[in-house]
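Asks: Following this message is one structure expressed as structure tokens.
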Amino acid sequence: MDFFDRFAVPHPSIAIYASMAAIGLTVIAVIAGLTYFKKWGYLWREWLTTVDHKRIGIMYLLSALLMLFRGGVDAIMMRAQLAVPENTLLDAQHYNEIFTTHGIVMILFMAMPFIMFFMNFVVPLQIGARDVAFPRLNALSFWLFFMGAMLFNISFVVGGSPDAGWTSYFPLAGNEFSESVGTNYYMIAIQIAGIGTLMTGINFITTILKMRAPGMTLMKMPMFTWSALIANVIIVFAFPVLAVLLAMGTLDRQFGTHFFTMDNGGMDMLWANIFWVWGHPEVYILILPAFGIYSEVISTFARRNLYGYKSMVGSMVIISLLSFLVWAHHFFTMGQGALTNSIFSITTMAIAVPTGVKIFNWLLTLRKGKIVFTTPMLYSMLFIPLFTLGGVTGVMLAMSAADYQYHNTMFLVAHFHNVIIPGVVYAMLAGLHYYWPKMFGFMLNEKIGKWTAWLLSIGFIFAFMPMYVSGLDGQARRMYTYSEASGFSLMNMISFVGAAIMAIGFVLIVYNIYYSTRYESRDISNDPWDARTLEWSTHTPVPEYNFAILPDVRSNEALWDAKKNGHVLFKGDYEKIHMPNNSGIPFIMSCIFFVWGFSFIFSLWIPVIVTTIGIFVCMALRSFEQDHGRYITVKEIEETETNLRGA
Amino acid sequence: MHKKGIKAALLSVFFTIITVLAGCEPLLVLDPKGPQAERQASDILLSIGLMAIIVIVVFALLVYMLVKYRASKQRADYEPPHIEGNLWVEVIMVGIPVIIVAFLSYVSVQSNYIVEAKPKGYEDTKPLVVYASSSNWKWHFSYPEEGIETVNYLYIPTDRALEFRLYSHGPITSFWIPQLGGQKYAMADMVTTLHLAADVPGEFMGRNANFSGKGFAENTFNVTAMSQKDFDDWVKEVKETAKPITEKKFEELLEPGHLGQQTYTGTHLEFSPPPSGHEHGEESSETSESDTHTGSHTEHEGMSH
Amino acid sequence: MKIDNSLPLEYSTEENSLKILGFWIFLGAEIMLFATLFATYFTLENRTGSGPTGAEIFQITPVLFETLLLLTSSFTVGLGIHAMRIGNKKAMISFFSITLLLGLAFLGVEVFEFVTYVHEGATLQTSAFTAALLTTLGTHGAHVTLGFFWGLFIILQVKKRGLTPQTTNKAFIFSLYWHFLDVVWIFIFSFIYLKGMM
């Protein structure tokens, strides 16, 4: 029985047993449903083995929404625990686990796949390509991310969750102070997902550099594609750092090395430094594509071209460079002295300049426009003021001497939520409403959508503005409880109310999807928003090959150019189209990775060796495989095109 | 004079707003009781003021655009023009933020050197040196010159420079007394220095601000500032009444958990010296780097249970 | 599949040139990976705890052997690619085989080196310095090992399928990888061994 003891959760509670039951029931329900409706074949052929960037994108979206739910439940539990002083809803251990997983899930398993969804679905369409450069690698990226996310999530019910914060600073995250396997989950699950992300980075840089439609020079790329390109460059440079860091963490925890330990020369500060060398660029990996989405949405609904295209591109390039030069601002209080702090203080504040340029460009895009308030536009217009608040508090935090007072407090928590929620989450929701018709052939309900946007914003203000105040009043972050005498009660109660309002907002999104699926009209055009870029020039739903004829581009708003200036996008006759074949290897290999990760976490070395061999066998098979893809004939294209045009 | 006037006006406005927000109790960070906290509070208020201007400008521009250019206000056949951008607009767009950031950077750099030095106004006093070391989840305060040690409470004299030397017997923690000044990390690997001073007597909240595990929320300590005379009396009293700290006793204290307030004569520094690595000043020396591990090694031998 | 005959075979299809660019980007990521390892190593270099220092364990002889073997293999893989360009399949396979044998010899010496370290009391668990040293060297060694198998598969494929756009593309990419490992080794040689021995 000793063998099985290791899988038990060290601090069980009702919530954990309930989750076990819920996970078990869901798995049974999914299996039963698939069997009953005879969908196994469909699932395998159309989804598990797909290499189509649009389907992979949709799978990213589903995972992101699922993880949004998980992270959201964590959040509401935290706010509930802190709503009143001396609350006993959660104990310290559970609270620690929950804020740790909330951070990781929201950043790495919710925001990242949401961004990946947009890049996958939109970039090839926007540059007029038929797929990404390496479709099969793309599938592998997704499945590795997915298995990493799932592996991370089962920590809640098998063996215990990580509890050292999403930053996992050593020595706290070391063996001595974190004995459960929780932090092993952190190291391995993120490692697996991170490999997937790195490959996405390589894939999309190649795609964007090499596969643009004829005539689309770099400076004629739509802004979202630009933002995706830069974000992927950051991924390629930042994620290897994370990989090494996690490997060293794993070695320390499971192989007794002394990178970050307190004895034999280990250095706890090294973890913090390397973590943020990855961690800060990571933030920009999320926010830059979000900026790209806002640029698309704002120019579409202001009915005007984006103001200051060149400075938009330039500011993103500068932001991406600066993002690697500011990491020490996450620990001004580590005692590196006034000179170092001054340097990082200045580089950090410098980021405000290019970011400000973007805000002013968006404002000037509105000028002389003809603004239509759709749901995506509403999110974007709520984004500008709320994000500005987050941005300026960022400048405040960058003042290192004052940061000694903000650091580790609720002020900081308020700040980063204030940039991430209006900055990234609103962009995702704006993009979700914006691209939904292209994906599924019907719009999301506008009325519910607008209600949601307002609820989220009101909830957001109530939830996070009080944190600025309680932070300045001395409330440290990550405290599972506080006393009545501290005077934090009122602010935390308001915060809880705000969080509850936001929760209603998120439930409304789910309701909107349900409602719109049932009631919204299927009779929409290929271009329901009267948009400006290539993704709206093809059919809805998008055919497998995206474009029957590759578009000919001569401006950065190719579709608008075609609509207003009579430019002909699609010239010439149909030719047969080369498409990649589906493959089961990415899915199977990722499943092996899952087992590998699970065994590794529990130090079960025999399965680790077996699965490692399995992974290499998959790679070898791939190496020897001869797969030249397949062709879609002209006749098939003609049929598809006629059908889609008729519909 | 003029600048001071603006600053004072800003100060009072924000004090009022924030005070009202917080239910009439002044927020700790903005209620400084020492020169370092004062400098930080004034930096905070200055930046709030400047940032408020930016926020107002952005809000105003946004509202103006949204009101003026919304579709319902426009002719049905209005075609928005194609505008690429304008060099001068962009110069302004970059220029003004650059000026603001440059100004704040200047203030920030100045403040960095101020908070990292002996507190203003107390340059001539001989600083009281206190070693503050954390263990799960307590604070140990050693007064080497006085030869006494306390747990979870701190007595300090007013009107005198205080020099805290911080380190940790475990996870990274952060030593923070909001009303006296900002925090700094205490780590196992090196000793960091925090310069503080208290202008007035009183009771202040102190805590570990950096998450350090299960007992983190309760990882607090009380700070009492008193006149030098009262402080000396207290030291004397402790020396007469308290028990000496022994190696065995100290190891018991290090066990994870919470303890109440305790007082000892002697300090643990004598048998369990702090890590020999020190904060990197401008002249960060290679030698102190390479010496670090030997110190921290012996130091933690007693810890690994 | 469109084949552009004006280009070398390994670049001749669109897919091939995508793969080559993709691999260059991958090498960019690899540079960051090794840069992080080097940064860690330099930070922990003097933190030897109770274990030995670099000067105490580094020996010039095996390191020189390793350097010689790997540099030569980088040269032979270059010759292999040259042979491939002029369409000489047999010469290409020979040069690739020599490359892999040299790689194998390199790994042999490295294993010997590691065993010596362990005997001298410098294991992975000894100190921060040894952990950083062995992780950096080990990561490089693991890359060479992986490269060995990869190269082997390519030789088998060339043998079976001849010099096609696919096989030449793979072989070319492999050569990039192998040269890259050589460059990393030069850094290891200069900044870990030579610096450590001085």
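Asks: Considering only region A:19-40, state which residues are without any contact (Cβ under 8 Å) to a residue 40 or more places away in the chain and either closer than 19 Å to A:ASP163 by Cα or surrounded by 11 or more Cβ atoms within 10 Å (Cβ to Cβ) (or both). Steps first, please.
Replies: In the first step, residues of region A:19-40 are kept if they are without any contact (Cβ under 8 Å) to a residue 40 or more places away in the chain; the result is A:21-22, A:24-40.
If the condition is that a residue be without any contact (Cβ under 8 Å) to a residue 40 or more places away in the chain and either closer than 19 Å to A:ASP163 by Cα or surrounded by 11 or more Cβ atoms within 10 Å (Cβ to Cβ) (or both), then A:ALA21, A:ALA22, A:GLY24, A:VAL30, A:ILE31, A:LEU34, A:LYS39, A:TRP40 are the ones that fit.
Asks: Only residues that are part of a helix (DSSP H, G or I) and either of a type in the set (Asp, Glu) or within 7 Å of chain B (Cβ to nearest Cβ) (or both): list them for region A:365-384, please.
Replies: Result: A:LEU366, A:MET381, A:ILE384.
Asks: Taking region B:175-198 on its own, how many of its residues are more than 8 Å from chain A (Cβ to nearest Cβ) and of a type in the set (Phe, Trp, Tyr)? Give the steps one after another, and end with the answer.
Replies: The initial filter retains those residues of region B:175-198 that are more than 8 Å from chain A (Cβ to nearest Cβ), namely B:175, B:177, B:179-180, B:186, B:191, B:194-198.
Retained after the next criterion (residues that are of a type in the set (Phe, Trp, Tyr)): B:175.
The number of residues fulfilling the criteria is 1.
Asks: Filter region C:112-151 down to the residues that are within 11 Å of chain A (Cβ to nearest Cβ) and part of a loop (DSSP other than H, G, I, E, B), then identify the one that is surrounded by the most Cβ atoms within 10 Å (Cβ to Cβ).
Replies: Checked region C:112-151; the qualifying residue surrounded by the most Cβ atoms within 10 Å (Cβ to Cβ) is C:SER127.
Asks: Among the residues of region A:287-308, is there at least one that is within 14 Å of chain C (Cβ to nearest Cβ) and aromatic (Phe, Trp, Tyr)?
Replies: There is no residue in region A:287-308 that is within 14 Å of chain C (Cβ to nearest Cβ) and aromatic (Phe, Trp, Tyr).
Asks: Can you confirm whether A:THR611 is within 30 Å of the chain's Cα centre (by Cα), of a type in the set (Val, Ile, Thr) and not in a helix (DSSP H, G or I)? Walk me through it before giving the result.
Replies: Details: within 30 Å of the chain's Cα centre (by Cα): yes; of a type in the set (Val, Ile, Thr): yes; not in a helix (DSSP H, G or I): no.
No.
Asks: Among what's in region A:385-418 and is over 30 Å from B:THR193 (Cβ atoms) and either surrounded by fewer than 22 Cβ atoms within 10 Å (Cβ to Cβ) or not β-branched (Val, Ile, Thr) (or both), pick the residue that is farthest from the other protein chains (Cβ to nearest Cβ).
Replies: Kept after step one, since they are over 30 Å from B:THR193 (Cβ atoms), are these residues of region A:385-418: A:385-392, A:417-418.
Restricting the remaining residues to those that are either surrounded by fewer than 22 Cβ atoms within 10 Å (Cβ to Cβ) or not β-branched (Val, Ile, Thr) (or both) gives A:385-387, A:389-391, A:417-418.
Details: A:PRO385: 6, A:LEU386: 11, A:PHE387: 10, A:LEU389: 6, A:GLY390: 11, A:GLY391: 9, A:HIS417: 17, A:ASN418: 12 Å.
Once the filter is applied, the top-ranked residue is A:HIS417.
Asks: What number goes with the only condition from (1) crowded, with 17+ Cβ neighbours inside 10 Å; (2) more than 9 Å from chain A (Cβ to nearest Cβ); (3) among the acidic types (Asp, Glu) that B:ASP124 does not pass?
Replies: For B:ASP124, the exception is condition (1).
Asks: Using beta carbons and a limit of 7 Å, which pairs, at least six apart or on different chains, have the first residue in region A:557-586 and in a helix (DSSP H, G or I) and the second one among the basic types (Lys, Arg)?
Replies: Close Cβ pairs satisfying both conditions: A:LEU559/A:ARG532; A:TRP560/A:ARG532; A:ASP561/A:ARG554; A:ILE585/A:ARG622; A:PRO586/A:ARG136.
Asks: Right, next: Can you tell me which residues in region A:245-276 are among the aliphatic types (A, V, I, L, M), more than 20 Å from A:ALA189 (Cα to Cα) and surrounded by 24 or more Cβ atoms within 10 Å (Cβ to Cβ)?
Replies: Answer for region A:245-276, where residues must be among the aliphatic types (A, V, I, L, M), more than 20 Å from A:ALA189 (Cα to Cα) and surrounded by 24 or more Cβ atoms within 10 Å (Cβ to Cβ): A:MET262, A:MET267.
Asks: Hey, among B:LYS249, B:LYS239, which residue is in contact (Cβ under 8 Å) with a residue 40 or more places away in the chain and either touching a helix residue (DSSP H, G or I) at 6+ places or on another chain (Cβ under 6 Å) or in a helix (DSSP H, G or I) (or both)? Before the answer, list the steps.
Replies: Values: B:LYS249 fails: in contact (Cβ under 8 Å) with a residue 40 or more places away in the chain.
Result: B:LYS239 is the single residue among B:LYS249, B:LYS239 that is in contact (Cβ under 8 Å) with a residue 40 or more places away in the chain and either touching a helix residue (DSSP H, G or I) at 6+ places or on another chain (Cβ under 6 Å) or in a helix (DSSP H, G or I) (or both).
Asks: Return yes when A:LEU229 is of a type outside the set (Val, Ile, Thr), under 17 Å from the mean Cα position of the chain (by Cα) and within 8 Å of another protein chain (Cβ to nearest Cβ) and no when it is not.
Replies: no
Asks: For region A:309-333: of the residues being away from chain B (no Cβ under 12 Å) and of a type in the set (Val, Ile, Thr), which is surrounded by the fewest Cβ atoms within 10 Å (Cβ to Cβ)?
Replies: A:VAL317
Asks: Exactly one condition in (1) more than 24 Å from the chain's Cα centre (by Cα); (2) in a loop (DSSP other than H, G, I, E, B); (3) within 30 Å of B:TRP176 (Cβ to Cβ); (4) not β-branched (Val, Ile, Thr) is not met by A:LEU490; state its number.
Replies: Here A:LEU490 clears every test but (2).
Asks: Let me ask you something else. Mind counting the residues in region B:244-256 that are surrounded by fewer than 18 Cβ atoms within 10 Å (Cβ to Cβ) and farther than 28 Å from B:ALA161 by Cα?
Replies: 8
Asks: Also: So which of A:LEU43, A:LEU66, A:LEU89, A:LEU62 ends up being under 30 Å from B:GLY257 (Cβ atoms), surrounded by fewer than 22 Cβ atoms within 10 Å (Cβ to Cβ) and without any contact (Cβ under 8 Å) to a residue 24 or more places away in the chain?
Replies: Details: A:LEU43 fails: under 30 Å from B:GLY257 (Cβ atoms); A:LEU66 fails: under 30 Å from B:GLY257 (Cβ atoms); A:LEU62 fails: under 30 Å from B:GLY257 (Cβ atoms).
After ruling out the rest, the residue left standing is A:LEU89.
Asks: Let me ask something else about it. Taking A:MET219, is it touching a Phe, Trp or Tyr at 6+ places or on another chain (Cβ under 9 Å), within 14 Å of chain B (Cβ to nearest Cβ) and either surrounded by fewer than 24 Cβ atoms within 10 Å (Cβ to Cβ) or not in a loop (DSSP other than H, G, I, E, B) (or both)? Break it down into steps so the answer makes sense when it comes.
Replies: Details: touching a Phe, Trp or Tyr at 6+ places or on another chain (Cβ under 9 Å): yes; within 14 Å of chain B (Cβ to nearest Cβ): yes; either surrounded by fewer than 24 Cβ atoms within 10 Å (Cβ to Cβ) or not in a loop (DSSP other than H, G, I, E, B) (or both): yes.
So A:MET219 passes the test.
Asks: Going through C:LEU64, C:LEU69, C:LEU18 one at a time, which residue ends up being touching a Lys or Arg at 6+ places or on another chain (Cβ under 7 Å) and part of a helix (DSSP H, G or I)?
Replies: Unique residue meeting the criteria: C:LEU18.
Asks: Please work out which residue is farthest from the other protein chains (Cβ to nearest Cβ), limiting yourself to region B:67-106 and to residues that are buried (at least 18 other Cβ atoms within 10 Å of the Cβ), in a helix (DSSP H, G or I) and in contact with a Leu (Cβ under 9 Å, 6 or more places away or on another chain).
Replies: B:ILE100
Asks: Answer yes if at least one residue in region A:494-513 is at the interface with chain B (Cβ under 9 Å from one of its Cβ atoms), modelled with pLDDT of 95 or more, buried (at least 19 other Cβ atoms within 10 Å of the Cβ) and in contact with a helix residue (DSSP H, G or I) (Cβ under 7 Å, 6 or more places away or on another chain), and no otherwise. Walk me through it before giving the result.
Replies: Quick first cut of region A:494-513, residues at the interface with chain B (Cβ under 9 Å from one of its Cβ atoms) only: none.
No: zero hits.
Asks: Given the condition more than 14 Å from chain C (Cβ to nearest Cβ) and of a type in the set (D, E, K, R), answer yes or no: does some residue in region A:136-151 qualify?
Replies: Checking region A:136-151: not a single residue is more than 14 Å from chain C (Cβ to nearest Cβ) and of a type in the set (D, E, K, R).
The values are calculated or read from the model by the stated rules, or taken from the named source; none is laboratory data. A quick note: this is a predicted structure, and the numbers were derived from the prediction, not measured. When we count neighbours, we look across all protein chains shown, and the Cβ atoms used for this are built from the backbone with ideal geometry, even at glycine.
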